[in-house]
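Only one structure is covered here, and it is reproduced in the block below.
A short reminder: the numbers here are calculations on the coordinates, not readings from a lab. Note that the coordinates shown come from a computational prediction; the quantities given were computed from them, not determined experimentally. Ideal geometry is used to build each Cβ from the backbone, glycine not excepted, and the neighbour counts take in all protein chains shown.
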Amino acid sequence: MVTAGAAAPTALEKELMRLAGQVPDPELPVVSLAELGVLRGIHVVGPGRVRVELTPTWTGCPALTAMADDITGVLTAHGMSEVAVETVLSPAWSTDAISPEGRRKLAEAGVAPPRPGAAGGTRGGPVAVDLAIRCPHCGSTDTRLLSRFSSTACKALRRCESCGEPFDHFKEV
């Protein structure tokens, strides 16, 4: 991520970002950290030294340490002797940061992805629990909420009334 007034990423920073971006999310390993949109930036701060900016999907995310450890492992394996992973909370992560490829992979894995652009209308307010969510198994929108929370706090448990299959829905935030 390049911010106004910041220097464009170097070739090394781009390569390190590509490598770190391929790290799978520890809770949803079908998507990478880049596809999930939590990897914000990598900056070379000296010879063999990098600073990584990582934004959790929510501030209490228990996978943050695992993400940082996995990124550190990948970057040290590629010649970086010092990797500092910083948690960046602003701007906050939203489900709009998930790439189209990440959404596709979630659906293929049986997790209903968040609707693109839906987070923009829910920021600062409650997320509706009675949404028309498409079943990742059969495509029907005749689904029912079973539980507002599933295997992780960022997912809800739903069931398709058409095919009868339960599935996780990645909530829009």
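Computed quantities for the displayed model
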item	result
Positions within region 149-173 being among the aromatic types (F, W, Y) and over 19 Å from G60 (Cβ atoms), in sequence order	F167
Residue count for region 90-119, restricted to those that are in a helix (DSSP H, G or I) and either of a type in the set (D, E, K, R) or at positive phi (or both)	6
Residue among A107, A112, A97, A63 that alone is in contact with a His (Cβ under 7 Å, 6 or more places away or on another chain), surrounded by 15 or more Cβ atoms within 10 Å (Cβ to Cβ) and among the small types (G, A, S)	A112
Filter pass, T55 being of a type outside the set (D, E, K, R) and surrounded by 20 or more Cβ atoms within 10 Å (Cβ to Cβ)	yes
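Residue by residue, here is whether (1) touching a strand residue (DSSP E or B) at 6+ places or on another chain (Cβ under 7 Å); (2) part of a loop (DSSP other than H, G, I, E, B) holds:
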residue	(1), (2)
V45	yes, no
W58	no, yes
D70	no, no
V74	no, no
G79	no, yes
